[in-house]
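I have placed the structure first, in the form of C-alpha cells, so that the comments after it can refer back to it.
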Amino acid sequence: MEKSTVERSLDASIKDGASYNVMVGFGELYVGACAVSLGAPDRLVALLTTIPLFLGACAQVLTPQLIDRTGKRRRWYMLGSVGQSLTWMLMISAVLVERRPGFYLLLTGFTLYYVMLQFTIPAWLSVMGDLVAPEIRGRYFGRRTAFGILLQFVAGVMGGLGLWIFKKNGLEKWGFVTVFSAAFLARCASAYFLSRMTEPPYTPREEESFTLWMFLRRLPHSNFAKFVVFVGCLTASAQLVGCLFPLYWLRMLHYPYWWQYTACVTGLIVVQIPALLFWGRMADRYGNKRVLTATAIAVAVLPALWLLSTHVFLAIFLQMWSGFFWSGFNQSVQNFLLDAVTPPKRARCNAYLSLITNFGLLVGGVTGAFMIDYVPMQIGPFHVPYPFWTLLIMSFVLRSGAVLIFIPRFREVRDVPKIGVVEMLYTSTVDTAENAVNLMAGLVQRGGRE
C-alpha cells in the first residue's frame, strides 16, 4: 500500500477511536448507574458487567472463521460497529418502561452491545496490525488511545453533570435518555470514520488456521498460550471486586452522581492520557513483557490500598492509580499479541485471548456477585465494616498469586535491552521528566522572544 493511503487510514482510525471514547464517556460509564436507578438487585447489577463481556467474547470466535471464508475483514468490523450503535436504542427504551422489565431490557441491550463490539475486534485488530509498523506501535496506539481517553473524560464529566441536573429536577430517567442518545450519535460517527479506512490485501492460508482445542492443548508449551493464561487469571482476580464498585460507591458509601461518583469513574480515565504515552514509549524501548511485569505488580497491590479508608479523595486517588497501571497493562497485552503472533494468525489468536480473558471475567464476576451476600465480616480477630472489603482481601491474594506464578513463565519476543523493572521505571521517569522540562523551557523561551 502507498504511504499516503496508510497515513489516511491511521488518521481515520484516530478519529474513530476519539468518537468511540465519546460514546463510552456518555453511555457505557453510566450503564451500571442506570441499573441501580432501575432498582436492580445487587447481584444482578454485578452480573451486568460480567455476562455481556463473556458472551461478547464468544461472538469473537466466529469472526476469524468468517474472515478465512471470505478473505474480507472490513465488512465484518463495519457490521459490528453499526450493530453496536443500534444497541443504544434498546438501552434507551429500557429507561422508559417499568423498572423490572426495564432492567432486563437494559441487560439485553448491554449484552448485544458487547457482542457487536467483540465481533469487530479480530477483524479490526488484524487490519491495524498490517497498517501500523512494529517500531511505532507503542507510540501510535498510545497517542490514539490518549486522545480518545481525553474525550472520554470530557464526555464522562458532562454525562455525570447532566444526570445530576436531571435527577435534581425529578427527571432522572430523561437524564439517562439524553446521555444514551449522545452515546448513540457518537458511535454512528465512529462507524463513519471506520468506513474511511482502507483494508490492506489479505489472503487466508489453510495451514495458519487452528481450533480452540488445538490452542488449549499447547498451553504447557506455547509462550503465547502461557501469556494468555496469565492475563486470564489476573483478569478473573480483578473482576471478583471490579463488578461491585458501582454498588460499593452508590449503595454502601452513598456517593451522589455529582460530584463523587462522577469523580471516581472519570478519575480512572483522565490519568490514562499521560500514562498511555509513558507506557507506550517504554514498551517500544524495553519490550512489552517488562511493562506487563511492572503494571501487573501495581495492579496486584491495589485491592489492599482500598482498605485504608472510605474517604472520597482516597477513592479518586486509587481510581487514578488503577487507570495509570491498567492502561499500561492493557496496551501491552494488545502489543504483545501483535509482536508474538504472525499476521495470518492474529485474528484467531486475538479471539482466543479475548475468550479466555472474558471467561476469567465471567468466573470472577459471578463469584463476586454471589459471594457478596455470604462472605464473613469477621476475619480472625479483625472485623471489616463491609462485606466488599472481604472480597478485596481475596482479590489481593489471588492477584498476587497470578503475578508470582505466571510472570516468570513467558518471555519477551522482541530483541530489547536487558534491564530490570525498577531500573526501567527509574530511567523512563527521568527521561520523561527531562523531556517535560525541556518542553516547558522551550515554551518559555519562545514566549520571551515574542
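The values are calculated or read from the model by the stated rules, or taken from the named source; none is laboratory data. Source: prediction; values computed, not measured. Please note: Cβ atoms are built from the backbone with ideal geometry, for glycine as well, and neighbour counts cover all protein chains shown.
Here are some notes:
- LEU268 being within 15 Å of THR49 (Cβ to Cβ), surrounded by fewer than 22 Cβ atoms within 10 Å (Cβ to Cβ) and in contact (Cβ under 8 Å) with a residue 40 or more places away in the chain: no
- Search result, residues across the range 353-393 that are among the β-branched types (Val, Ile, Thr) and either touching a residue at least 24 places away in the same chain (Cβ under 8 Å) or part of a loop (DSSP other than H, G, I, E, B) (or both): ILE356, THR357, VAL363, VAL366, THR367, ILE372, VAL375, VAL384, ILE393
- Meets criteria (of a type in the set (A, V, I, L, M, F, W, C), farther than 30 Å from ARG414 by Cβ and in contact with a helix residue (DSSP H, G or I) (Cβ under 9 Å, 6 or more places away or on another chain)) for ALA146: no
- Exclusive hit being modelled with pLDDT under 65, under 24 Å from PHE324 (Cα atoms) and not polar (S, T, N, Q), set VAL422, VAL437: VAL437
- All conditions but one from (1) closer than 28 Å to ARG290 by Cβ; (2) surrounded by 18 or more Cβ atoms within 10 Å (Cβ to Cβ) apply to VAL397; the one that does not is (2).
- Some residue of the range 39-46 being at pLDDT 85 or above and surrounded by fewer than 19 Cβ atoms within 10 Å (Cβ to Cβ): yes
- When we screen PHE406, PHE396 for residues that are of a type in the set (Phe, Trp, Tyr), within 21 Å of LEU305 (Cα to Cα) and in a helix (DSSP H, G or I), the only hit is PHE396.
- In the range 63-88, the residues that are in contact with a helix residue (DSSP H, G or I) (Cβ under 7 Å, 6 or more places away or on another chain) and of a type in the set (A, V, I, L, M): LEU66, ILE67, MET78, VAL82
- Of the residues making up the range 48-82, just one is of a type in the set (Val, Ile, Thr) and at pLDDT 90 or above, namely VAL82.
- Among the candidates VAL341, VAL366, VAL422, VAL403, the residue that is aliphatic (A, V, I, L, M) and exposed (fewer than 14 other Cβ atoms within 10 Å of the Cβ) is uniquely VAL422.
- Any helices (runs of 4 or more DSSP H) falling wholly within the range 7-86 and containing at least 2 residues that are closer than 17 Å to LEU247 by Cβ and of a type in the set (D, E, K, R): 42-48
- Any chance SER85 is buried (at least 20 other Cβ atoms within 10 Å of the Cβ), small (Gly, Ala, Ser), modelled with pLDDT of 95 or more and closer than 24 Å to SER195 by Cβ: yes
- Entirely in the range 157-252, the helices (runs of 4 or more DSSP H) that have 3 or more residues that are without any contact (Cβ under 8 Å) to a residue 24 or more places away in the chain and under 21 Å from VAL22 (Cα atoms): 172-195
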